[in-house]
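In what follows, a structure is listed as structure tokens, so that the remarks can point back to it.
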């Protein structure tokens, strides 16, 4: 093959890879705003938002609600529609405890890869489940895996939903220990402190493949982290504020 043709093919391949990489970043990176505005965090480093995905889950959510109540902290729960339909009383218990609730779709697909029709179905069904159970509008939406594209964000906003992502991760969706979850989130917190940002912490009280997921490591880490954050700021004569996305939207 002539050298100039090989060079052209290589250039096209490189361009295709660059485009694919840009699309992947825009549609998956939590901090990206390329496909549309999403709430991540604001320049208020004393603020911390605890957010939990993939519930309700009776193997962990009740224990988590107890921990949050003991510490007098409000959090945000992004619920999967099909699980809320199976555990409506638990979904109502989350709301009754004063926590915010968001739509995490009906079945937890990667929306970046879904058709427009599937995206509409997932968002509308998830919203219908939560609003029927709670008897009130849902304000927040978290795309599963953070995966989104412009159509998904437009559909969310058409339903009155504000997309919410994160800037610190517990990496707690797999078997692990409370200590590992705590340290993962603490690294994200320290990075956010250096940048002068609030911390929007992603944790899980459920698992998207089915009810019954073991997330007690996340429950234990939550209790330790709340105490550790309060001590950290008290030592600096500061007071941390636990918030929900309402404070940032």
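Here, each number is a calculation from the coordinates, and none is a lab measurement. From a predicted model like this one, the values you see are computed outputs, not experimental measurements. Methodologically, a virtual Cβ is constructed for each residue, glycine included, from the backbone with ideal geometry; neighbour enumeration extends over all protein chains shown.
Brief remarks on what is shown
- Sorted by Cβ density within 10 Å, fewest first, the residues 181, 40: 40, 181
- Mean residue ellipticity (222 nm) of the chain, computed from DSSP H runs ≥ 4 via -39,500 (n - 2.57), nearest 500: -15500 deg cm²/dmol
- Packing-based exposure ordering (other Cβ within 10 Å, fewest first) of 173, 166: 173, 166
- Between residue 249 and residue 191, the modelled labels are 2.6 nm apart [label points 7 Å from Cα along Cα→Cβ].
- Net length available on complete extension from residue 232 to residue 74 is 55.0 nm, with 0.36 nm assigned per residue and the Cα-Cα distance removed.
- Contact order relative to length of the range 63-199, as percent, for alpha carbon pairs under 8 angstrom and 6 or more apart: 20 percent
- Residue order, fewest to most beta carbons within 10 Å, for 208, 71, 239, 217: 239, 71, 208, 217
- The chain: angle of helix 61-71 to the longest principal axis, Cα-based, in degrees nearest 10: 60 degrees
- Taking every alpha-carbon pair under 8 Å whose residues sit at least 6 apart, the chain reaches a relative contact order of 29 percent.
- Using alpha-carbon coordinates, inclination of helix 216-234 to the longest axis of the chain, degrees: 80 degrees
- Space enclosed by the convex hull of the alpha-carbon atoms of the chain, per residue, Å³: 147 Å³
- Helix 178-195 and the long axis of the chain differ in direction by around 70°, with both axes built from C-alpha atoms.
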